[in-house]
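Take a look at the structure below.
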């Protein structure tokens, strides 16, 4: 069996920046074991699998597909950068004729609309609630060491812990954080946390005027640090929209690769996340 595979860097227009994802368009479902083996072989934070829902459809004319995402170790409920990469594969290489695509996923229906080289993803918003820092003291220490913490929030639905550093912290301090993934993973034994977001307020007076910065760590899913994370911004978007009193936000994720995204927090409990991609590789998996 031969399976087409594409590798794209998402949330960037510069090769080797942003977040790389592998995308595999499939003619039919594979076993979960095979999905996991392919994802482990690709060894990226996520590999996306597009499956036709209707056998009579094709990737050029169809507008509705099933989409699944796997890390090297497990399947995940939501992934932004691999969804963006998937849409770009359909639009750019499968020459899909529709301007809007619908993906059926473990997080419900997701919509992606193209605007030139950009795509806008319509995702669920995942608000977080204030959390007691003492309850997560070990995780906080493992993630940010002795850096001062201003607020801690938890998104119970996504199991993402948001740690906001004090406003006196600057971008360089965020960028210089170094975590031990084993220590971070062992710092929580409750199962309440499966990912840690560290964030600081941005510098809107500096060009291009980012509203906030962040980094994201998920060793629980085999990902020491995810370079640019759409799913984390379903939490961050809700948090910063409330704190800054604005619905449209420009965000930058400060991994070593780095990437930016435009966010629009909507009143209907959803968020628009827009970005672009650059293709790095096209090939075939033979199994």
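Structural remarks
- Whole-Å semi-axes of the ellipsoid equivalent to the chain (Cα gyration tensor, √5λ, descending): 31, 21, 17
- With Cα atoms, 0 to 90° folded angle of helix 32-42 axis to the chain main axis: 70 degrees
- Against the chain, whose longest principal axis comes from its Cα atoms, helix 230-244 is set at around 40 degrees.
- Bridges between two residues of the range 129-265, per DSSP, are antiparallel at a rate of about 70%.
- Taking every DSSP beta bridge that has both ends in the chain, the antiparallel portion is near 80%.
- Remark: the range 129-265 is approximated by an ellipsoid whose semi-axes, taken from the C-alpha gyration tensor as √(5λ), come to 22, 15, 14 Å, largest first.
- Cα shape, the range 1-127, gyration tensor, a/c 1.5 rule: rounded
- For the range 245-287, the mean projected area of the C-alpha convex hull, equal to one quarter of the hull surface, is 5.8 nm².
- Degrees between helix 80-92 axis and first principal axis of the chain (Cα, 0 to 90, nearest 10): 30 degrees
- Ordering of 45-54, 173-182, 197-206 by packing is 45-54, 197-206, 173-182, highest average first (other Cβ atoms within 10 Å, averaged per residue).
No value in this document is a laboratory result; all are computed from the given coordinates. The structure presented is a predicted model; accordingly, all values stated were derived computationally and were not measured. No Cβ is skipped: glycine too gets one built from the backbone with ideal geometry, and neighbour counts run over all protein chains shown.
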